[in-house]
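Enquirer: Have a look at this one before I ask anything.
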Amino acid sequence: MRVIEFFSGIGGMHFALKECNLENFEVVLAVDINTVANAVYRHFFPSTNLRDLNILSLSPEQFDAYRPDILLMSPPCQPFTRNGLVKDINDERTKPLLHIIENLIPKSESLKYILVENVKGFESSLARDKLVTTLSQSGFTYREFLLSPVHFGICNSRLRYYLLAKKKPLDFAISLQNDIITENNWDDKLCSRVKQVSDVLSESETELEEYLINDKQLLKGGKALDIVTKNSKRSCCFTRSYSSYLCGTGSVYSSLCEENIKEIINDNDNNLEVLKSLKLRFFTPAEVAKFMCFPVSDFPVSKKKAYQLLGNSINVYVVSRLLCLLLPKNF
Ligand SMILES: C[S@@+](CC[C@H](N)C(=O)[O-])C[C@H]1O[C@@H](n2cnc3c(N)ncnc32)[C@H](O)[C@@H]1O
C-alpha cells in the first residue's frame, strides 16, 4: 500500500500507521511547507521521501504518478477553530485543502482510502461540505467522527474531527453515513499507556527547574491555570502556544498531592505567594509527546519549537485506532 501524507508536520500520521502494525505500507510521499517540522520529520523518518513543498504546486498528474492507495492529511485548522475568525473556505490557509478536494482527489485513479483530521468546528464548515460532495461524486463512502483521547482511556483532552473514506465497493462495518460518531462506540480496546498523569512524568523532578513557571507568568495568567498532579486522570489539550501563554494552552504540573493543593488554594486567595508554593511547572516536550502517545521523545529543536510542533500534531493512538478501522487487516 502506497501512502501519501499531506501536511505531514512531525509525522504524527506516519507514527500512527506504524502503530497499526501493518507491515505492507510505504509512505511514498510526505509534504509540508514548514522546514522546521520537516527537519523533525527527517530525524524520525530519514528514509521517507519528504518534500519541502507547497501542496498547491502539486499537479494532479504529479500526485497520481505516485499511485497512492492511501491519503492521510491534517490540513491547517486555524480557518475552522471556534475561537478564531472562522473564515473557512475564504481563509488563504484553506487553499491547499481546496486544491486537494477540487483537483487531486477527483482525478486520482489509484486512491482507495482517505483519512482527514481537523479541529471541532470543521464538521459544520463549507470546506467539509465540499470535501464530502467530492468524495461522494468520486465514488467514496465515508464516516465522520468527533473523538478525544479521553474516549480511549487516555488522560488528555483533544477533541478532533476525523473523516475516513473508502472507495466503493469497499465499505465500513460501522453505522451509517451522515451520523457523526462522537465516542469510541465501536468494538475497540482502550489504551493502557497513558491513564493518569504519572504515566507521562520524567524520571527525575529535580532536573526540571527550567520548566518552573516564573513569577511574571504566574502574575499574568495564574488565575486561569489548569493544575494537574501525578494522580490526575485528566489534562487539557496542549496547543502550539504552550509555555508562551498560560491560559487555555494546556495543563501545568504540581508535584504536591491534590488534597494539599485544594487546601492551599481554598484557604487563600490565588495570590502569587500561594501559587509559588505549588511549585508549578510546565510539562516538558517529552512529556507532552507522551500525552499524545508519540513513541519518541527526542525532538531535535528548541523547547518552544517542540511545543509548537506538538501542539499542531495529532494523538497518535487515536489516529492509529481510526486507521485500523479504515484499512484492511491483511493488506
Ligand atoms: C495541523 S498541522 C499538521 C501536523 C501533522 N499532522 C503532524 O503530525 O505534525 C498542518 C501542517 O500543514 C502545513 N502546511 C500548511 N500549508 C501548507 C501548504 N500549502 N503546503 C504544504 N504544507 C502546508 C503546516 O506547515 C503544518 O505543518
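The values are calculated or read from the model by the stated rules, or taken from the named source; none is laboratory data. This one's a predicted model, so the numbers in the text were calculated from it and none came from an experiment. Here the Cβ positions follow ideal geometry from the backbone for every residue, glycine too, while neighbour counts run over all protein chains shown. Accessible surface is based on the protein model in full, side chains and every heavy atom, while ligands, DNA and RNA are left aside. Shrake-Rupley method; radii C 1.70, N 1.55, O 1.52, S 1.80 Å.
Enquirer: If a residue must be out of contact with any Ser or Thr (no Cβ under 6 Å at 6 or more places or on another chain), within 13 Å of the ligand (Cβ to nearest atom) and not aliphatic (A, V, I, L, M), how many such residues does the stretch 1-17 contain?
Expert: Of the residues in that region, 6 qualify.
Enquirer: Quick one: which residue in 250, 221 is outside any loop (DSSP other than H, G, I, E, B), open to solvent by less than 40 Å² (accessible area, probe 1.4 Å), in contact with a Phe, Trp or Tyr (Cβ under 8 Å, 6 or more places away or on another chain) and not polar (S, T, N, Q)? So that I can check it myself, show each step before the final result.
Expert: Numbers: 250 fails: outside any loop (DSSP other than H, G, I, E, B).
The match here is 221.
Enquirer: Residues of the stretch 25-42 being within 10 Å of the ligand (Cβ to nearest atom) and open to solvent by less than 30 Å² (accessible area, probe 1.4 Å), which ones?
Expert: Those that are within 10 Å of the ligand (Cβ to nearest atom) and open to solvent by less than 30 Å² (accessible area, probe 1.4 Å): 30, 31, 32, 37, 38, 40, 41.
Enquirer: Continuing with this model, one more query. Which residue pairs have Cβ atoms closer than 7 Å, lie 6 or more positions apart in sequence or on different chains, and pair a first residue in the stretch 50-76 that is without any contact (Cβ under 8 Å) to a residue 60 or more places away in the chain and open to solvent by 70 Å² or more (accessible area, probe 1.4 Å) with a second residue that is within 14 Å of the ligand (Cβ to nearest atom) and assigned to a strand (DSSP E or B)?
Expert: 51/29; 51/31
Enquirer: Consider residue 128 carefully, then state whether it is within 11 Å of the ligand (Cβ to nearest atom) and either hydrophobic (A, V, I, L, M, F, W, C) or not in a loop (DSSP other than H, G, I, E, B) (or both).
Expert: For residue 128, the condition - within 11 Å of the ligand (Cβ to nearest atom) and either hydrophobic (A, V, I, L, M, F, W, C) or not in a loop (DSSP other than H, G, I, E, B) (or both) - is not met.
Enquirer: Given the condition open to solvent by 50 Å² or more (accessible area, probe 1.4 Å), acidic (Asp, Glu) and over 29 Å from residue 163 (Cβ atoms), answer yes or no: does some residue in the stretch 187-197 qualify? Walk me through how you get there before you give the answer.
Expert: Going residue by residue through the stretch 187-197, those that are open to solvent by 50 Å² or more (accessible area, probe 1.4 Å) are 187, 189-190, 192-193, 195.
Pick out the ones that are also acidic (Asp, Glu) and you get 187.
Still in the running and over 29 Å from residue 163 (Cβ atoms): none.
The answer is no, given that none of the residues of the stretch 187-197 is open to solvent by 50 Å² or more (accessible area, probe 1.4 Å), acidic (Asp, Glu) and over 29 Å from residue 163 (Cβ atoms).
Enquirer: Let me ask you something else. Please verify whether residue 45 is farther than 21 Å from residue 328 by Cα, surrounded by fewer than 22 Cβ atoms within 10 Å (Cβ to Cβ) and more than 9 Å from the ligand (Cβ to nearest atom), treating the condition exactly as stated.
Expert: On the way: farther than 21 Å from residue 328 by Cα: yes; surrounded by fewer than 22 Cβ atoms within 10 Å (Cβ to Cβ): yes; more than 9 Å from the ligand (Cβ to nearest atom): yes.
Yes; evaluated as a whole, the condition is true for this residue.
Enquirer: Here's something else I'd like to know. What are the pairs, 6+ residues apart or on separate chains, where a residue within the stretch 90-116 that is farther than 23 Å from residue 327 by Cα and within 14 Å of the ligand (Cβ to nearest atom) has its Cβ under 6 Å from a residue that is open to solvent by 60 Å² or more (accessible area, probe 1.4 Å) and of a type in the set (S, T, N, Q)?
Expert: 93/78
Enquirer: Enumerate the helices (runs of 4 or more DSSP H) found wholly within the stretch 255-324, keeping only those where 3 or more residues are open to solvent by 30 Å² or more (accessible area, probe 1.4 Å).
Expert: Output list reads 258-267, 272-277, 303-312.
Enquirer: Let me ask another. Within the stretch 140-151, track down each residue that is aromatic (Phe, Trp, Tyr) and buried (at least 20 other Cβ atoms within 10 Å of the Cβ).
Expert: Passing the criteria: 140, 145.
Enquirer: Related question: Mind listing just one residue for me: the one in the stretch 62-77 that is within 15 Å of the ligand (Cβ to nearest atom) and out of contact with any helix residue (DSSP H, G or I) (no Cβ under 6 Å at 6 or more places or on another chain) and, of those, farthest from residue 5 (Cα to Cα)?
Expert: First, pick out the residues of the stretch 62-77 that are within 15 Å of the ligand (Cβ to nearest atom): 62-63, 70-77.
Right, trim to out of contact with any helix residue (DSSP H, G or I) (no Cβ under 6 Å at 6 or more places or on another chain) and you get 62, 70-71, 73-74, 77.
Values: 62: 14, 70: 8, 71: 6, 73: 6, 74: 9, 77: 16 Å.
Once the filter is applied, the top-ranked residue is 77.
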